[in-house]
Amino acid sequence: MMFYKSYRYLILIIATCFFTSCDNSPNFISKEIKTNWQFKAVKDTLWLKASIPSSIHTNLIANKIIEDPFYRLNEHDLQWIDKKDWEYKTVFTVDETLFDKEKIAFNFKGLDTYANIYLNDSLILKTDNMFVGYKVNAKKYLKIGKNSLNIIFDSPIKIGLLKREALGYQLPNAVNDQSENGGLGKKQVAVFSRKAGYHFGWDWGPRLVTSGIWQEIQLNAWNTATINDVYVLQQNLSKESAQLNTKIEIETTRAITTQIYIKIDEKQYLEKEIELKKGVNKIEIPIKINNPEFWWTNGLGNQKLYKIDVQLKEGTKLLASNSHKIGLKTLKVIQQKDSVGESFYFKLNGHAVFMKGANYIPQDVFLDRVTTKDYEKVIKNMVDANYNMIRVWGGGIYENDIFYDLCDKNGILVWQDFMFACAMYPGDTSFLENVKKEAKYNVKRLRSHTSIALWCGNNENFVAWKNWGWIDQIKNSQGQETVDVIWKGYQDVFHKILPEVVAELDSDTFYWASSPTSAKGEDATLTSGDYHYWRVWGNQESILTYNEAIPRFMSEYGFQSFPDFQSVEKYTEEQDWSIYSEVMQSHQRSNIGNKNIEMYMESWYKKPKDFKSFLYVSQLLQSKAMQIAIEAHRRNMPYCMGSLYWQINDCWPVASWSTIDYYGNWKAAHYHVKDLYKPIKTMFFKNDKKLEVHIVSDKLKDKNAVLRIKLFNFKGEILDQVEKNITIKSNTSAIYFDVNKTGFTNLNNNSNNTFLVAELVAENDVVFDETIFYLEKPNQLELSKPTIKYSVLGSNKNGVEIEISTNTLVKNINLKSSVKGHFSNNYFDVLPNKRYYIKFDSETEINIEQFTKELKITSLFDTY
Ligand code: BMA
C-alpha cells in the first residue's frame, strides 16, 4: 500500500456535507434544542408536554394518555397511534453570540421518519429515513430572540400504503410484518420505509410503529472553519511501526491559510501550514507511530486506543478541533479453499480468532428509553460472558455511537448488518437513492470504530427469496417479469450500492452481501461462508443435531425460553399465569414457540409441576440446547470458526431466544454461555462409541495444567478418578482423554446417579475450569431432596457474598432475591462436600438481614 514519506496533503473540494460534526473547539457553539417542546395529533387542538428525544408513544405514556404498551394486552389497543399524523413544536432563543456566527446549521441526528420541518414557519427540510442525520443551513431563517420550530410527522402507515400502491407490483409476504395486528389486513408496509423493521413486529417483538424525534437536535454555529470528519486509515501495520493516513474533512466560510496540528496521545506529532478553499476541503496527512501497541479482542489482550487530536489554528486562535480514539489492528476475513470447501474466519493481527458471541437487537421498542447505563450494561454482559463479537442484526437500527465506543473499549468486534431483514424491498429510483444516502451516512459515521469487523448487506433476504417459496408465488400470481424486477432491486442494493459505498468509504472492511450465504454468495452450505442453523427449533429436530450441523461460521442458531417469574409478574396478572393465557401468548410471538418448548422439554426434563416451574425449566432447556451447540462449534475449530447465537437481548418482555430478558436479568443460558465461552474450556463429548474429553483453547500461548477426571455418586463420593499432566495447545481444539479406554470401572453401573467432573488445575493448584457431565438426560437422574446450607457473609454497599453447600447433588440451584441486582453465578449444579461463594451485586444499598430473609433458594428437584 501507498505510504507518504513526507507530510503531503491533498485538497479536494466537494459540494456539501451533511455528516455528523464533532468539532469541540470554543469557536464552535452547539446548542441542543431540548426544552419547551409540545406535541399533539395534527387534527387535535390540545397541546401536551413533550420531552426530546422521544417517540409519540413515550410522550403519550408520560402524559398518561396511554398505559404501558408492554403491560398485558395494551399493545393491541394502541394501534391507532401509527395511523395519525403528529406535530411537535418548540420555541427557542437565539442570542447575539450565536446569531453573529457566519455559519449556523441544524443537525437533526435522527427523525423517525417522515418529518416536515418548519423554522419560523418556513419549510426547511423534509425527511424520509430514520437512519440518517440531516444537517440544514438555518442562518437565513433565524432571528435574534425567540424562534419557532415545528415538526410534522406524517403517519408511516399512511405513507407506506401510498408507496405500496405506487409500486405497481406486490412484494412477497414478509413473515415478520404483523400488518394484521395493526388493522391493515394483508397490506404490509414495513419495507417501504427506511425505518427499523422490528417496529412493525417480529417473532420476538410487538407491533408498535413509532414516530418522533428519536435523536437529539442541535443548532451548531461557527466562524471561518470547522472539522466535519476525521478518519484514520491504517495503511501498514507491523511491530515496528503503524503507518496511517489521516483523512480530514474541513468546511470553511472563506479561503484561508491555517496551521494544522496533530497530537497522538496528547503528544504533539505534527504542525503544518495548509491552504483551504472556501467550502468543503478534504485533506490527507500521513502519520507514523513507532512500536505500536495493537488492539485485541476481549480475552486475547489489551484494547489500547490511541487518542488522535486534530486542531486548526489561525495564528494563536483555535478555529476548530476534533478528537477521537482508534485502536490499531489488522483484521481480515480469510476465505481459503480447502479439501472440503472454503474457510470463513477472522484473522486479527495475524492470528485466527474463533468468534464467540450473539446477535443483538435494539434494547427497547422505544429507542429513546435506552440510556447510557443500558449500553454499558449490555456491553458488560457481553464481556462478562467472554464474547469477542456481536452481530448488530439487520431488522433493528445502526446503533448509537456509544454502543461502538464501548465495543472499541472492551474488545468486542461488531458484525454490522445494513438494516434489511427477512424481506424483499422495493427497487425504484427514489428507494435506491435513499438507501445510498443511508449507507454513506452510516459507513462514514461508524468506520472509525475499531470494533467494526464486517459490513453485511442483509439478514436472510437471499435465503428467503430462494427458499421460502417466494419466487414461485410471485411467478404464479404476477408473472416472471415481476420476479425479475424484484430480483433486480435486490441486486441493485446488495451487489451494487452497498459494496460500492463500503469500497469507497471503508475499503479496509470486508463486505458480505447476505447472511447466510455460501462463499459464492449462493445458498448457505456447511462447507463455506456463514450459516444459520434453524433445524433445531424451526424444524423440531433433536438438539443433538447441533453436533452434526457444523458450518464454517455459525452466525445464527438459538432456542427460546421464558423470562423468569419475577419478570413475568411485571407484565401480567395472576389470572394470566399459564403459557396459553391470552396475555402470555401475546408475549410469545413465535407461532410454534409454546409447542416447541413443551415438545423439547418432554424429551429432556420431567414435567414441571406448575407455571413458575415451567418458566424456570424452560431456561434450563434453553441452556442445554446452547451447551450442545456451542460445544459442537468450538470442538470443531478450526473447521468452524464462529458461534453467534440468536439472541442476547429483548426489546420488550417476551418469551424469546434471548439469554438476558428485557429487564436485564440473566437467564440460565447467559450464565451457562459465560462458562462455555471461557478462553480455555473442557467439554465432554459422547456418542455411541466414545466418551472423550476435549479441551478448546483460544489463547495465544500453550498452557500447562493437570487434567483431573473424577466419577462421583450424587452423595459426593468419588468412585473412580484419573489425573494427567497436559499441555493445552494454543488456539486449538483437541482430545485430551478417552474415558472409555481407561479404568473407569464404575462408569456404566449407576448412570442415573453418577456424574463425571473434569477439572483443569493450574501450576499454582488453582482449578481454572470445571465441567460436569451426566451420563443421562436430566429427566433420568435420580435426584433426592437436598439440604442446602447457606449463609450470607458480610455486606458492603455494593452487595453481599453467600456461602453455599449441600449434602447431595443440587441440580441447577436457583437463587432469587427481590433486591435488584445480579448473582455472580446461578442455575449451576452444586456438588456435595464443597463450598461455593456467590456474590450478589446490588443496584441499591443492601440491608443484610432483609436480604437474608428474602433470599429464596430452589433447584430442579423442587419443580416436580
Ligand atoms: C433469525 C433472525 C430473526 C428471527 C430469528 C428467530 O433467522 O434473523 O429474523 O427473529 O431467526 O426466528
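Which of rounded, prolate or oblate describes the range 298-440 when judged by the alpha-carbon gyration tensor and an a/c cut-off of 1.5? Rounded is the answer for the range 298-440, as its axis ratio a/c remains below 1.5. Let me know the shape class of the range 401-468, please: from the alpha-carbon gyration tensor, a ≥ b ≥ c as square roots of the eigenvalues, rounded when a/c is under 1.5, otherwise prolate if a/b is greater than b/c, or oblate. Oblate.
Straight-line cross-link partners of LYS724 among the lysines, defined as a Cα under 16 Å from its Cα and at least 8 positions apart when in the same chain: LYS703, LYS710, LYS741. Partners of LYS811 within straight-line reach, counting aspartates and glutamates whose Cα lies under 14 Å from its Cα and excluding those fewer than 8 residues away in the same chain: GLU776, GLU782, ASP829, ASP862. Report summary: the helix-based calculation at 222 nm, which adds -39500 (n - 2.57) for every DSSP H run with n ≥ 4 and divides by the residues of the chain, gives -5500 deg cm²/dmol. Partners of LYS43 within straight-line reach, counting lysines whose Cα lies under 19 Å from its Cα and excluding those fewer than 8 residues away in the same chain: LYS83, LYS84, LYS89, LYS158.
Shown is the FRET efficiency for GLU180 and GLU500, computed with R0 = 41 Å from the Cβ-Cβ distance and rounded to the nearest 0.05: 0.60.
Cα-based values for the chain, radius of gyration first and Dmax second, are 28.7, 90 Å.
The packing ranking of peptides 474-481, 215-222, 83-90, highest mean first, is 215-222, 83-90, 474-481, where packing means the average number of other beta carbon atoms within 10 angstrom of each residue. Hydrodynamic analysis of the range 644-688 uses the Kirkwood radius over alpha carbon pairs. Inserted into Stokes-Einstein at 10 °C and 1.306 mPa s, it gives a translational diffusion coefficient of 132 µm²/s. Okay, which of the range 276-307 sit inside 20 Å, backbone N to the point 7 Å along the Cα-Cβ direction of THR257? Zone members listed by number: 276-279, 281-284. Charge dipole (Cα centre; +1 on Lys/Arg Cβ, -1 on Asp/Glu Cβ; no other charges) of the chain amounts to roughly 1240 debye. With Cα atoms as the point set, the radius of gyration and Dmax of the range 536-584 evaluate to 16.2, 47 Å. For the residue pairs LYS332/LYS373; LYS373/LYS436; LYS325/LYS377; LYS103/LYS436; LYS31/LYS146, the alpha carbons lie more than 24 Å apart in LYS332/LYS373; LYS373/LYS436; LYS103/LYS436. Between LYS31 and GLN721, full extension at 0.36 nm per residue minus the direct alpha carbon distance yields a gain of 241.4 nm. The lysine pair tally for the range 543-654, using Cα distances under 23 Å and a gap of 8 or more places or different chains, is 11. Restricting attention to the range 161-244, lysine pairs at least eight places apart or on different chains and with alpha-carbon atoms under 19 angstrom apart total 4.
Positive end of the dipole of the range 504-588 (Cβ unit charges, origin at the Cα centre): among PRO551, PRO516, VAL568, the Cα lying farthest that way belongs to PRO551. Of interest is the spacing of the C-alpha centroids, which for the range 415-487 and the range 254-319 amounts to 36 Å. Here the label points at LYS520 and LEU162, each 7 Å from Cα along the C-beta direction, are separated by 4.5 nm in the simple model. Here the ratio of the Cα radius of gyration of the range 195-259 to 2.2 N^0.38 Å is 2.00. In terms of the mean number of neighbouring beta-carbon atoms within 10 Å, the peptides 496-503, 107-114 order highest first as 107-114, 496-503.
In whole angstrom, how far apart do the alpha carbon centroids of the range 365-384 and the range 223-251 sit? Spelled out, the Cα-based centre of one part sits 30 Å from the other. Between LYS49 and GLU240, full extension at 0.36 nm per residue minus the direct alpha carbon distance yields a gain of 62.9 nm. Looking at the range 690-771, the GluC sites (Glu not before Pro) that sit in a DSSP loop and have at most 10 other Cβ atoms within 10 Å of their own Cβ are GLU763.
Summing charges over all other residues whose Cβ lies under 14 Å from the Cβ of THR527, with Lys and Arg as +1 and Asp and Glu as -1, gives -3.
Charged side chains reduced to their Cβ positions (Lys and Arg at +1, Asp and Glu at -1) give the range 71-115 a dipole of some 140 debye around its Cα centre.
With K and R counted +1 and D and E -1, the other residues having a Cβ less than 12 Å from that of VAL209 yield a net charge of +1. Model label sites at ASN467 and ILE334, defined 7 Å from Cα along the beta-carbon direction, differ in position by 2.7 nm.
Antiparallel beta bridges, as assigned by DSSP with both residues in the range 331-463, represent about 40 percent of the total such bridges.
Sites listed here are trypsin sites (Lys or Arg not before Pro) in the range 503-612 whose DSSP assignment is loop and whose Cβ has at most 13 other Cβ atoms within 10 Å: LYS520, LYS609. 3J(HN,Hα) couplings calculated from phi for the range 229-241 with the Karplus curve 6.51 cos²θ - 1.76 cosθ + 1.60 (θ = phi - 60°) are, in sequence order, 7, 10, 9, 9, 8, 8, 7, 8, 10, 9, 4, 6, 7 Hz; Gly and Pro show x. Loop only by DSSP, 13 or fewer other Cβ within 10 Å of the Cβ. Give me the GluC sites (Glu not before Pro) in the range 242-287 that pass, ordered by residue number. Within the range 242-287, the qualifying GluC sites (Glu not before Pro) (loop, at most 13 other Cβ atoms within 10 Å) are GLU266. With unit charges on the beta carbons (Lys and Arg positive, Asp and Glu negative) and the dipole taken about the Cα centre of the chain, which residue among THR525, LEU208, VAL280 sits farthest to the positive side? It is VAL280, whose Cα lies furthest towards the positive end. Which one of THR844, TRP80, SER542 has its Cα pushed farthest toward the positive end of the charge dipole of the chain, where Lys and Arg give +1 and Asp and Glu give -1 at the Cβ? Working it through, the farthest residue towards the positive pole turns out to be THR844. Taken along the Cα-to-beta-carbon direction at a fixed 7 Å, the label points for GLU266 and ASN807 span 6.1 nm. The charge dipole of the range 461-506, taken about its Cα centre with unit charges on the Cβ of Lys, Arg, Asp and Glu (plus for the first two, minus for the last two), comes to roughly 220 debye.
Values in this text are rule-based calculations from the coordinates and carry no lab data. Nothing here was measured: the structure is a model prediction, and the numbers come from that model. When we count neighbours, we look across all protein chains shown, and the Cβ atoms used for this are built from the backbone with ideal geometry, even at glycine.
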